[in-house]
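Take a look at the structure below.
The values are calculated or read from the model by the stated rules, or taken from the named source; none is laboratory data. Computed from a predicted model, the values in this text were never measured in an experiment. Virtual Cβ from ideal backbone geometry, glycine too; neighbours counted across all protein chains shown.
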Amino acid sequence: MLLRVENLHVEVGGKLLLKGVDMEIGEGETHVLFGPNGSGKSSLVMALIGHPGYRLIDGRIFFKGVDITEKPIDERIRMGMGVVFQNPPRLYGVKLRELINRVARDRTREDGVLMMLDRLNISEELLERYVNVGFSGGEVKRCEIAQVLAMNPDLLILDEPDSGVDVENLELIGKELAKILEDRSALVITHHGYILRYLKPSKAHVMLQGRIVCDGDPDHILNQIMREGYRWCERCRLMRKS
Amino acid sequence: MQVDEEELRKALNKPATYGRDLDLSQYSTRAVGEPEVVKEVIERSFEVGVDLRKRDSLTTFLQIDHRALYKSIQRRLEGDIELMPIEEAVKRYEWVRELLWRLRSPYEDKYTAFNALHGSGGYFLRILEDRKMHIPIQACFFMFSPGIIQSVHNIIVADPGSEAQILTGCTTHPKISRGLHVGVTEIYVRSGAKLNYTMIHKWNPGFDVRPRTGILVEDDAALLHNYIALGYVGSFQSYPTARLLGENSKIAMNNIVYLQGSSEMDLGGEVIMEGDGGRVELLTNAVAAEDARIISRGRIVCEGEDGRGHISCRGLMLSDSAEISAIPCLVSRKMSSELTHEAAIGRIAEDQLFYLMARGISREEAESLIVRGFLDLSPMKLPDHLEKGVRKIIDMALEGF
């Protein structure tokens, strides 16, 4: 098992956001996580990579069989996790080229990085700009993905890779991710499910109010959510309880 | 300009408006020994952007203590520029004497008065009409004798339609623990000329520095005035003043400062837009580490029509015992003017640190990357090779951070 999350309880500022999350992602598997706004999806991402603001109350996280619950962020990342953030900060004075070169160091061959940048349509001009400063929505996502792919991770965590992206950029991103995910694992968080036109996850989870309430076939779950919204999951949860 | 010696003697006791008051009798006026371009001079000058190893192939001026030691004009620039010690220029051209003390008053404070009475050295640089030079002209002021006052007067004239890059580095022998550098610089940017003037300083912890810069910009002319200070200084106080005399005159003053130890810096800038359509930008990015104290002042006065001015001061605090103050001031005397300012002081943003660490970069490396990014050189529009050189200087200064 590549990633195992057991009974994860996480709070931020005294508020409990994750209330006992369990999840397992195997080698080469892509899982998708659905959930309404505020259900705790991004909190799970932050807890997985070890954001210091997200305090672990209970539970453990195992990655590649190692208990990483107490490990700092950079160490977890160096073990092979990579995250595409939904709203990354702007880094004035740090050029995209400099950051990509730094994260690619020792992990990805230079020609591999250049080809990947070309496929993601990241121009020389964009590489010379400061990270996320004045970038369009599509540029932000493409550059996020480029950085993470340069890190060559074993597990990709993609937080809303399809939000704020136009159709052309979505296709570009979707195709590149589909290719990359042929031989590695991923947890994809999506609100609208647009990215699933390109990715074929093996399993879906639904998160409501800080808990995983449903696991199953991604197409079936997405169809139900599209038809009935998250009320369906709510009912499903109630049915399970009863 | 004629100066009144009696008035000057009175002004010798006059403290400056800003900055710590210094007792000039505590410094020596005597240089020790015969200056030479030794290894330490070459190495230290390189840290302020001046490559003395290339002094034969680049246009170069070097002064050590009171003496102008070296002056060369690149062969292909002969006939395009004039470069000589100020004393020689005053003897050669009556009009140069008229340019002295036109843009700064010699009676302003004890430092200008001392300079007018006892100053020694400095350069006269003139870029002739319509000549456009893209390789920087380099000047270095080096302090070699312990406890000395180096007090120089520079005149720069960019004739109409000319373009040039000037780099001035000021520094001291690494083993000298105290001294005072007073540099009076008057810059005349004539109609349609474009000048990029960059000054880089590197001092030792006990050094005091009081530059006095006056600037005049005529019609359709532009000056980019860049200042970079890295590391330590005892006390530094400077308040360059500029007059945008003509129509559509432009000036940008960019300051990049990284100070540590108990360094004190009071760095300002004032621009008066007298002509119409003036454009002014005053940008300061200041990093204060350890016990450093930095005051950043900016003042823009708009007297002409359609003037635009902006002051930006960003401060990065790396220690709880450091201090940064930002004091912007805008004065408008025309309804058509648009003047703005922004100031922000804080520590390294946690979200940026987290983001970089989420790319597998250690906390220390991420902090260093953010600080280096904060000392952003892009507004200075330096030529590529000079930007690379300055970037290296910043990396050297931040080594171990």
Working only within region A:84-116, note down all residues that are more than 15 Å from A:V140 (Cβ to Cβ) and either among the hydrophobic types (A, V, I, L, M, F, W, C) or in contact with a Lys or Arg (Cβ under 6 Å, 6 or more places away or on another chain) (or both). A:V103, A:A104, A:V113, A:L114, A:M115, A:M116
Output for region B:363-395, where each listed residue is under 30 Å from B:I300 (Cβ atoms), of a type in the set (D, E) and either crowded, with 18+ Cβ neighbours inside 10 Å or within 11 Å of chain A (Cβ to nearest Cβ) (or both): B:D376
Single residue of B:G278, B:G298, B:G261 found to be over 18 Å from B:I187 (Cβ atoms), crowded, with 21+ Cβ neighbours inside 10 Å and in contact (Cβ under 8 Å) with a residue 24 or more places away in the chain: B:G298
All but one of (1) closer than 28 Å to A:F63 by Cβ; (2) among the basic types (K, R); (3) surrounded by fewer than 17 Cβ atoms within 10 Å (Cβ to Cβ) hold for A:R184; which doesn't? (3)
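Yes or no, residue by residue, for (1) part of a helix (DSSP H, G or I); (2) in contact (Cβ under 8 Å) with a residue 24 or more places away in the chain:
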site	(1), (2)
A:I173	yes, yes
A:K179	yes, no
A:E182	yes, no
A:L187	no, yes
A:L199	no, yes
A:D215	no, no
A:I221	yes, yes
A:R235	yes, no
Does B:G304 satisfy the criteria of being farther than 21 Å from B:A16 by Cβ and touching an Asp or Glu at 6+ places or on another chain (Cβ under 6 Å)? yes
Based on what the data block shows, is B:R20 in the same structural domain as B:F61 (by TED's automatic domain parsing), touching a residue at least 40 places away in the same chain (Cβ under 8 Å), assigned to a loop (DSSP other than H, G, I, E, B) and surrounded by 12 or more Cβ atoms within 10 Å (Cβ to Cβ)? yes
Selection from region B:59-80 of residues among the hydrophobic types (A, V, I, L, M, F, W, C) and either modelled with pLDDT of 95 or more or not in a strand (DSSP E or B) (or both) yields B:I73, B:L77
Restricted to region A:153-195, and to residues that are among the polar types (S, T, N, Q) and out of contact with any strand residue (DSSP E or B) (no Cβ under 7 Å at 6 or more places or on another chain), which residue is farthest from A:M81 (Cα to Cα)? A:N169
Can you name every residue in region A:80-96 that is more than 9 Å from chain B (Cβ to nearest Cβ) and either without any contact (Cβ under 8 Å) to a residue 40 or more places away in the chain or of a type in the set (S, T, N, Q) (or both)? A:Q86, A:N87
Taking only region A:47-74 into account, find how many residues are surrounded by 16 or more Cβ atoms within 10 Å (Cβ to Cβ) and at the interface with chain B (Cβ under 10 Å from one of its Cβ atoms). 5
Look at B:I137 and say whether it is buried (at least 22 other Cβ atoms within 10 Å of the Cβ) and within 19 Å of B:L62 (Cβ to Cβ). yes
Among residues belonging to region B:197-256 that are part of a loop (DSSP other than H, G, I, E, B) and of a type in the set (D, E), point out the one that is farthest from the chain's Cα centre (by Cα). B:E247
Residue set A:L44, A:L3, A:L8; condition in contact (Cβ under 8 Å) with a residue 60 or more places away in the chain, crowded, with 21+ Cβ neighbours inside 10 Å, away from every other protein chain (no Cβ under 13 Å) and touching an Asp or Glu at 6+ places or on another chain (Cβ under 8 Å); output residue A:L3
Filtering region A:145-158 for residues that are within 11 Å of chain B (Cβ to nearest Cβ) and not in a loop (DSSP other than H, G, I, E, B) leaves a count of 4
Within region B:337-362, of all residues that are outside any strand (DSSP E or B) and in contact with a strand residue (DSSP E or B) (Cβ under 9 Å, 6 or more places away or on another chain), the one surrounded by the fewest Cβ atoms within 10 Å (Cβ to Cβ) is B:R347
Does A:V206 fit the bill of being surrounded by 13 or more Cβ atoms within 10 Å (Cβ to Cβ), touching a residue at least 24 places away in the same chain (Cβ under 8 Å) and in contact with a Phe, Trp or Tyr (Cβ under 8 Å, 6 or more places away or on another chain)? yes
Tally up the residues in region A:106-144 that are surrounded by 12 or more Cβ atoms within 10 Å (Cβ to Cβ) and either among the charged types (D, E, K, R) or within 13 Å of chain B (Cβ to nearest Cβ) (or both), please. 15
Criterion first (buried (at least 24 other Cβ atoms within 10 Å of the Cβ) and out of contact with any Lys or Arg (no Cβ under 8 Å at 6 or more places or on another chain)) does B:Q150 satisfy it? yes
